[in-house]
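Trainee: I have a structure I would like to understand better, so I am pasting it below and will then ask my questions one at a time.
The values are calculated or read from the model by the stated rules, or taken from the named source; none is laboratory data. Every value quoted in this text rests on a predicted model; they were computed, and no experiment measured them. Glycine gets a Cβ as well: all are built from the backbone with ideal geometry, and neighbour counts include every protein chain shown.
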Amino acid sequence: MNIKTDAVSTLAAELSAHTGRFTDKQFDWNAFPSNAGFPDLARAQMRYIGSGGSPKVGDTSTMKPDNFTLSLIYKEHGKYAACHSHEIEESFLIIDGALIVGWERDGEVVEVNLGPKDMILNAREVGHGFRVDGPEPVLMSISVDVGKPLPPKYHYHPKEHAPELARSFGAEPGKTMPFDPNGAHELQQLMGKFVIRHAEAPTIWEEAGFTRKVYVGEGGIANDTCRKEMWGVPSRTGVQAFTRPVEDAMMVIEGSLTVGWEENGETVEVELGPRDLVKTPAGRKHWFRNNSAGHATVWTVIGTSSDDGVAYKAA
C-alpha cells in the first residue's frame, strides 16, 4: 500500500525552524563555565534565540539572534548568581517562583523581590545578581538586548571573594537596602525606574480585542533597544496579518496561541503551548489568534523600542 504525503512547503519549513518547542529542548546545566566548581551558583539554561550570557556556540537548537536573545533560566532554592554587569540591558521576567535581584554600587546593595510576571530590566554597567531564597525554584525568561552580548564582567564571584560577600552581591553586613522607588538613596531611585510589577502596569485594550501591558518601551521602562510587552488574548480573539521592520518573538506563558505566516498567497500556522515560542523575521507578514477555550498570556519581545507603525486589526 502506498501512503501519499504532501511535501512540506518552504514557508512551512521556515516557520518550523523559527518555532522553539519547550518539549523539544533540554536544559543545559553547563551553560556557564564560570559556575563550575561552585554548587551554590548552579543554574540551567534553555536557549531559544541566541546564547544569551552563555559562551556556548554551535547550538543548533537555538535560533540566530538579531536584536535580542531569549532563553529560560531555572534556579533552585538556595542558589544564587554572582554579581556581574553587561554592556547592554538584560531583562529578567519571572514565570514561576520568587526571585531576589540585587544591584550593587560602591559596596552598597539594593534588593528587590520579584514574583510571577514581574520584570526587572538590568541597566547597562550596573552590577547585579540574583538569589532564590523562597521554598520553590524559579523559572524565568532572560533576554539580552543585543544579538551577541559580550561576556559578563564579574564583580563579586566566590572564586575571588568570600562566599558570604558573593551571596550578598558585594554588600557587607548592614549595607543592604530594600527596594523603594521613593527611597533617599540614588541606587534605590535608579532601580525604581527599571522594575515593572505586573499588577501595577497599566492595561491597554486594543480595538482588536486583546490587552497589552508595556514593560519596556513607550508607556513602560524608557529604553532605546527593544520593546517588551505582556499580551492577554481572550478565547476566539485574533488579529489580521501585519508586518514589522524588525523581528518579534512571542512566547506563550499560559494557555495556547496560534501564530500564522503569509507569503505570496500561501499561509501556514503553528499552535503554541506554554513555553513554546515563535520568532518572526523582519518584514514577514504574520498574525495570531486564540482558538482555545481559555485565555492566553503571551510574552512578546520586539527588536526596536520605537514605534514600528503596527496597528492591530481584529480578524
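Trainee: All but one of (1) free of Cβ contacts under 8 Å to residues at least 60 places away in the same chain; (2) over 30 Å from Gly37 (Cβ atoms); (3) of a type in the set (A, V, I, L, M) hold for Met191; which doesn't?
Mentor: Evaluating Met191 over (1) free of Cβ contacts under 8 Å to residues at least 60 places away in the same chain; (2) over 30 Å from Gly37 (Cβ atoms); (3) of a type in the set (A, V, I, L, M) leaves (1) as the failure.
Trainee: Kindly indicate which of Lys75, Lys64 is in contact (Cβ under 8 Å) with a residue 12 or more places away in the chain, under 30 Å from Ala17 (Cα atoms), surrounded by fewer than 20 Cβ atoms within 10 Å (Cβ to Cβ) and in contact with a strand residue (DSSP E or B) (Cβ under 9 Å, 6 or more places away or on another chain).
Mentor: Lys64
Trainee: Could you count how many residues in the range 158-180 are in contact (Cβ under 8 Å) with a residue 24 or more places away in the chain and either crowded, with 17+ Cβ neighbours inside 10 Å or not assigned by TED's automatic domain parsing to the domain that holds Glu89 (or both)?
Mentor: The number of residues fulfilling the criteria is 9.
Trainee: Farther than 30 Å from Ala82 by Cβ, surrounded by 17 or more Cβ atoms within 10 Å (Cβ to Cβ) and in contact (Cβ under 8 Å) with a residue 40 or more places away in the chain: does that describe Glu207?
Mentor: So Glu207 fails the test.
Trainee: Now for a separate question. Do any strands (runs of 3 or more DSSP E) entirely within the range 85-134 hold 3 or more residues that are surrounded by fewer than 23 Cβ atoms within 10 Å (Cβ to Cβ), and if so, which?
Mentor: In the range 85-134, the matching strands (runs of 3 or more DSSP E) lie at 90-96, 108-114.
Trainee: Additional query: Answer yes or no as to whether Gly283 is within 19 Å of Val252 (Cα to Cα) and touching a residue at least 12 places away in the same chain (Cβ under 8 Å).
Mentor: no
Trainee: Now a separate question. Just one of (1) in a strand (DSSP E or B); (2) out of contact with any Phe, Trp or Tyr (no Cβ under 9 Å at 6 or more places or on another chain) trips up Asn67, so point out which.
Mentor: Among (1) in a strand (DSSP E or B); (2) out of contact with any Phe, Trp or Tyr (no Cβ under 9 Å at 6 or more places or on another chain), the lone unmet condition for Asn67 is (1).
Trainee: Hey, can you tell me all the residues within the range 143-156 that are surrounded by fewer than 18 Cβ atoms within 10 Å (Cβ to Cβ) and touching a Phe, Trp or Tyr at 6+ places or on another chain (Cβ under 8 Å)?
Mentor: Within the range 143-156, just Gly147 meets the criteria.
Trainee: Just one of the numbered conditions (1) in contact (Cβ under 8 Å) with a residue 60 or more places away in the chain; (2) farther than 27 Å from Asp24 by Cα is not true of Val298; which one?
Mentor: Condition (2) is where Val298 drops out.
Trainee: For the range 226-258, which positions are over 16 Å from the mean Cα position of the chain (by Cα) and assigned to a loop (DSSP other than H, G, I, E, B)? Show your work before the answer.
Mentor: Start the filter on the range 226-258 by keeping residues that are over 16 Å from the mean Cα position of the chain (by Cα), which leaves 232-246, 255-258.
If the condition is that a residue be over 16 Å from the mean Cα position of the chain (by Cα) and assigned to a loop (DSSP other than H, G, I, E, B), then Pro234, Ser235, Arg236, Thr237, Gln240, Ala241, Thr243, Arg244, Pro245, Val246, Gly255, Ser256 are the ones that fit.
Trainee: Check off (1) over 15 Å from Ala12 (Cα atoms); (2) buried (at least 16 other Cβ atoms within 10 Å of the Cβ); (3) of a type in the set (A, V, I, L, M) for Val278 and give me the number that stays unchecked.
Mentor: Failed condition: (1).
Trainee: Quick one: Gly52 ticks every box in (1) part of a strand (DSSP E or B); (2) crowded, with 22+ Cβ neighbours inside 10 Å except a single one, so which number is it?
Mentor: (1)
Trainee: Could you please find all residues in the range 296-315 being crowded, with 16+ Cβ neighbours inside 10 Å and either modelled with pLDDT of 95 or more or part of a strand (DSSP E or B) (or both)?
Mentor: Ala296, Thr297, Val298, Trp299, Thr300, Val301, Ile302, Gly303, Thr304, Tyr312 - these are the residues of the range 296-315 that are crowded, with 16+ Cβ neighbours inside 10 Å and either modelled with pLDDT of 95 or more or part of a strand (DSSP E or B) (or both).
Trainee: Condition check: modelled with pLDDT of 95 or more and crowded, with 16+ Cβ neighbours inside 10 Å. Does Asp24 satisfy that?
Mentor: Numbers: modelled with pLDDT of 95 or more: yes; crowded, with 16+ Cβ neighbours inside 10 Å: no.
No; evaluated as a whole, the condition is false for this residue.
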